[in-house]
Each structure stands twice: as C-alpha cells, then as structure tokens.
Amino acid sequence: MSNPYREAHRRIRQRKGGQWSGLLPIVAAALATPLARPVLLGFLDVGVVAAGVEAVTFRFGALIAAAMALHTYTDLVRGSDRAVLDPHPVQPRALLSAIAVRTARERVYLPIMAAILLSPIAWEGGDGVAWAGASALMVGAWLCALGVGFATHLGSVWAGLSPQLAGALDALRGSNPRMQAALIYAPGFALAVVLIAVGFAAAGLSGALQGWAPGWAFLALPPVVGVLGWFAALPLAEQYYVRATALLSEVDAQWAGVEEAEEASSVYLDWLAQDRPEMLRALRQGWRRLRIWPTGAWVVGCISVIGGWTEDPIALTQVLTVSGGGVLLISGISIRMAEGDPVWLDNALGVPKGKVAAARGAVALLYAQGAVVPAVAVLALRHGFAVAGWALMITEGLALGGAALAAGLASQMRGRGAWVYGPTALLLWAAIVGNV
C-alpha cells in the first residue's frame with residue numbers, strides 16, 4: 001500500500017519544478033574542488049594522509065550534521081505540512097516516513113558534495129581507499145543526522161511539555177517562553193550526538209588507513225546511531241507529532257501576549273532601525289524566528305579565533321576559510337526571511353519591494369559581523385593591523401556581496417533563491433580561500 005503523504009509530497013515537488021534543483025550545488029562543488037583543494041586538502045602535499053583525512057572528514061561531517069539538524073527541524077516542526085494537516089486526523093508514522101523521505105531526497109546532495117570536494121585524495125593523492133572510506137563516512141554522517149534529528153525534535157516536544165524539566169528549561173530559556181527553549185536547543189543536542197559518532201568514525205578511519213583493521217568497523221557507527229534514532233522517532237511521532245501543534249500555538253500565543261511593550265519590541269540590534277518599519281520587521285523576524293543565524297555567526301567567529309591564534313603565516317588563510325564561509329552562509333538569511341512571508345504580504349502592507357529587500361540585506365550584513373569581528377580582532381592581536389585590515393576588507397566584501405545577492409534573489413525568487421545563492425556562494429568562497 002502506497003504512502004499517501006509521500007505521493008502528495010511528490011506531486012507538490014513536481015508542480016514546483018524542483019526535481020533537479022539538487023544538481024546545482026553538486027555542479028558547484030565540482031567547479032569549486034580545484035579552487036578549494038589547497039586549503040581543504042593541503043595535507044596531501046606533506047604525505048600525512050591518515051591524520052589529514054581524520055581532520056577533514058570530522059569537519060565535513062560536522063557541517064553535514066549542522067545542516068541536517070536545521071533541515072529536520074524545519075521540515076518536521078515548522079514545515080508547511082503542519083498548517084494543512086492540523087485540522088485533519090493523520091497517521092503519524094506514515095507522515096513521519098514521508099517527511100523523512102522528502103528530507104533525504106532534497107538533502108542528498110550534502111554527502112555527494114563532500115565526496116566531490118574530497119575526490120583529490122583519490123585522483124591526486126592516489127589513495128582510492130582513503131577517499132572511499134571518507135565518502136562512506138560522509139554518507140554515514142548524513143544518515144546519522146537524519147535519524148537523530150527527527151528523534152531529537154520530536155523528543156523536544158516531550159521536553160517542552162514535561163513539568164519535570166520545567167526548572168531546567170527556565171534556566172536555559174532567557175527571554176523566550178519556557179516551552180520554546182526545548183525547541184531552540186534541540187538542533188544543538190542533535191548536532192552533539194552526531195558529532196560524537198562522527199568523531200569516533202573519523203578516528204577509526206584514520207587508524208584503518210594506518211593498518212589497524214578494526215578501524216573500518218567504526219565507519220558503521222554513524223549509520224547505526226541514525227537507525228536507532230529513527231526507530232526512536234517512530235513511537236515519538238505517535239505521541240508528539242500532533243501535540244507539537246499545541247506546543248507551537250502556546251509559544252506563539254505567549255509571544256503575542258507579552259505585556260511589556262519594551263520587551264515585546266526589544267530584539268537584537270533593534271536600536272539600528274531608527275523609525276524604519278521595514279528594518280524593524282526584518283530584525284524581529286531574524287531574531288525571533290531565525291535566531292540561530294545571528295547567534296551562529298558569533299559561534300563561527302569564535303571558531304575562527306582558534307585558527308588565527310598562531311604565529312604561523314597560514315593563520316590568515318585559516319581565518320578566512322572559516323570566517324569567510326560563515327559570512328557567506330549568514331548573509332543568506334534574507335532568503336529564509338522571504339521564505340517565511342506570504343506572497344501577498346508586501347502588497348497588502350503597501351510596502352515597496354525595494355525597501356523590504358534593502359532592509360533584509362542590511363540585517364544580513366549586520367548579522368554577518370559576528371563572524372567577522374572576532375576573526376579580525378585575533379589577527380590584529382597576533383599578526384598586526386596590516387594583516388587584520390586585509391582580512392577585514394575581504395570578509396566585509398564577502399558580507400556585502402552576499403547580503404546584496406541574497407536580498408535580490410529573495411525579492412525575486414523567495415525561497416527558491418537558495419538554489420542560486422548556495423552554489424554561487426560556494427564558488428566565491430572557494431575562489432577566495434584558494435588564492436589567499
């Protein structure tokens with residue numbers, strides 16, 4: 001018997017014309033491979049293949065895990081399906097299966113991109129076994145993040161409704177409603193679980209490449225964890241998929257019912273709006289619905305400090321690799337903002353599209369500073385203002401270009417602009433870090 005939800009998703013995808021959209025990032029990865037090779041796979045030049053493969057696969061696995069943690073959250077908790085299906089009885093297990101298949105199909109390009117970017121290990125380094133093991137680990141990380149992501153996000157609904165965890169959530173929630181804290185921290189918990197599995201697998205692969213045969217068995221750890229996560233998600237879906245709607249409604253109602261006007265309007269950087277309603281709207285949307293983007297920018301900036309805290313001249317390259325990539329990623333928030341707005345909204349409000357796009361671009365540029373400031377500061381401290389100034393010019397150029405491109409695409413293509421912005425940003429990042 002066919003799954004009706006899966007068939008519905010297939011028809012929606014056909015109407016949107018998105019069957020081949022996943023090919024764009026794969027083509028971009030192929031074009032970016034020779035540009036990014038000096039930075040990503042520099043260990044091939046010094047012959048430390050095992051240690052280099054361990055390091056690069058762990059980092060790629062972390063990126064895949066982070067992306068899938070967000071995608072599984074969006075598709076399951078905040079997906080468009082929920083608004084359509086809420087008034088009707090559903091079969092939670094069948095629906096979860098359909099959502100998982102759709103998410104897997106739409107994000108399968110992630111491990112493929114990673115395998116392509118790692119391909120010089122085989123065709124330049126002459127080590128096909130190492131490349132095959134690294135590619136298998138990328139697939140395992142993707143499968144692990146898929147299963148663990150769905151289980152974690154469904155479990156977060158239980159956590160948000162649990163009176164036993166109320167005290168812990170109060171300690172974590174900050175200014176957010178208590179029940180929202182569970183949803184906010186769920187992607188981070190999923191990322192941590194996947195990273196543990198990927199870390200052991202990467203270490204096992206390194207050992208296997210050095211002759212320790214049992215190390216190959218460690219490659220099975222991420223997919224096994226993913227399968228266990230999936231089997232945990234199925235019964236959780238029975239209990240908490242429908243109840244998630246009540247939780248989300250309660251969270252939204254608490255936001256709408258904030259009594260203090262100052263608290264209701266206070267968001268990150270709102271003082272820069274200066275009586276510009278389009279700017280304040282973008283800042284509120286970015287902070288309340290997409291908070292992981294501005295906070296993630298500061299996380300990227302702190303990670304870049306690690307690469308810059310060295311006297312080695314390669315520090316500039318390491319910082320730009322992390323900070324530059326983070327800047328381009330965060331600058332794409334404009335597309336997510338447009339994706340969450342109804343098509344008719346700007347016309348109904350009587351707001352010119354140009355002003356909305358400019359406000360989104362400005363907010364994206366402001367948010368990207370979190371990935372820039374720590375990186376430039378550590379370079380100024382350790383390598384002088386000349387090096388820091390060069391890094392500032394490059395990262396701010398990337399931020400400005402990325403914000404303008406994303407805002408323009410969001411205005412014209414809404415959520416579909418990601419399929420143009422993503423490959424373009426990847427090529428730009430590879431061209432910059434490959435020539436520093």
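The values are calculated or read from the model by the stated rules, or taken from the named source; none is laboratory data. Not measured: the values here are computed from a predicted model. Heads up, the Cβs are rebuilt from the backbone with ideal geometry, glycines too, and the neighbour counts pull from every protein chain shown. The accessibility values were calculated without ligands, DNA or RNA, using every heavy atom of the protein model including side chains. Shrake-Rupley method; radii C 1.70, N 1.55, O 1.52, S 1.80 Å.
Values for this structure:
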quantity	calculated
Residue within region 409-422 that is assigned to a helix (DSSP H, G or I), open to solvent by 40 Å² or more (accessible area, probe 1.4 Å) and of a type in the set (F, W, Y) present	yes
Filter result for E124 (within 24 Å of the chain's Cα centre (by Cα) and surrounded by fewer than 22 Cβ atoms within 10 Å (Cβ to Cβ))	no
Test for R59: is it within 25 Å of I303 (Cβ to Cβ) and open to solvent by 10 Å² or more (accessible area, probe 1.4 Å)	yes
Spans of helices (runs of 4 or more DSSP H) in region 299-351 with at least 2 residues of a type in the set (A, V, I, L, M, F, W, C) and either over 26 Å from A410 (Cβ atoms) or modelled with pLDDT of 80 or more (or both)	315-331, 333-339
Number of the exception - T74 against (1) at pLDDT 90 or above; (2) open to solvent by 20 Å² or more (accessible area, probe 1.4 Å); (3) of a type in the set (V, I, T); (4) out of contact with any Lys or Arg (no Cβ under 7 Å at 6 or more places or on another chain)	(1)
Complete set of residues in region 93-120 that are farther than 21 Å from M68 by Cβ and out of contact with any Ser or Thr (no Cβ under 9 Å at 6 or more places or on another chain)	A94
Spans of helices (runs of 4 or more DSSP H) in region 218-292 with at least 2 residues at pLDDT below 75	221-256, 261-265
Search result, residues across region 8-36 that are open to solvent by less than 60 Å² (accessible area, probe 1.4 Å) and modelled with pLDDT under 85	A8, H9, R13, G17, G18, S21, G22, A36
Filter result for L95 (under 24 Å from the mean Cα position of the chain (by Cα), closer than 30 Å to S206 by Cβ and modelled with pLDDT of 85 or more)	no
Selection from region 281-318 of residues that are closer than 30 Å to Y73 by Cα, among the β-branched types (V, I, T) and open to solvent by 50 Å² or more (accessible area, probe 1.4 Å)	I292, T295, V299, I303, I306
Where G140 falls short, out of the listed (1) more than 19 Å from the chain's Cα centre (by Cα); (2) open to solvent by less than 40 Å² (accessible area, probe 1.4 Å)	(1)
Filter result for V101 (open to solvent by 20 Å² or more (accessible area, probe 1.4 Å), touching a residue at least 12 places away in the same chain (Cβ under 8 Å) and part of a loop (DSSP other than H, G, I, E, B))	no
Meets criteria (closer than 24 Å to G434 by Cα and part of a helix (DSSP H, G or I)) for I121	yes
Count of residues meeting criterion [among the hydrophobic types (A, V, I, L, M, F, W, C) and not in a helix (DSSP H, G or I)] in region 21-72	3
Any hit, region 389-411, residues being among the aromatic types (F, W, Y) and over 17 Å from G324 (Cβ atoms)	no
Selection count where residues are surrounded by fewer than 17 Cβ atoms within 10 Å (Cβ to Cβ) and without any contact (Cβ under 8 Å) to a residue 60 or more places away in the chain, scope region 378-400	9
Of the criteria (1) closer than 29 Å to T321 by Cα; (2) at pLDDT 85 or above; (3) of a type outside the set (F, W, Y), which one V39 fails	(2)
Failed item in (1) under 30 Å from G417 (Cβ atoms); (2) surrounded by fewer than 18 Cβ atoms within 10 Å (Cβ to Cβ), with M113 passing the rest	(2)
Residue count, region 292-328 (criterion: under 12 Å from the mean Cα position of the chain (by Cα) and charged (D, E, K, R))	0
Single residue of region 164-195 satisfying the filter (assigned to a loop (DSSP other than H, G, I, E, B) and buried (at least 17 other Cβ atoms within 10 Å of the Cβ)) that is modelled with the lowest pLDDT	N176
Options G79, G47: the member that is on the phi < 0 side of the Ramachandran plot and free of Cβ contacts under 8 Å to residues at least 40 places away in the same chain	G79
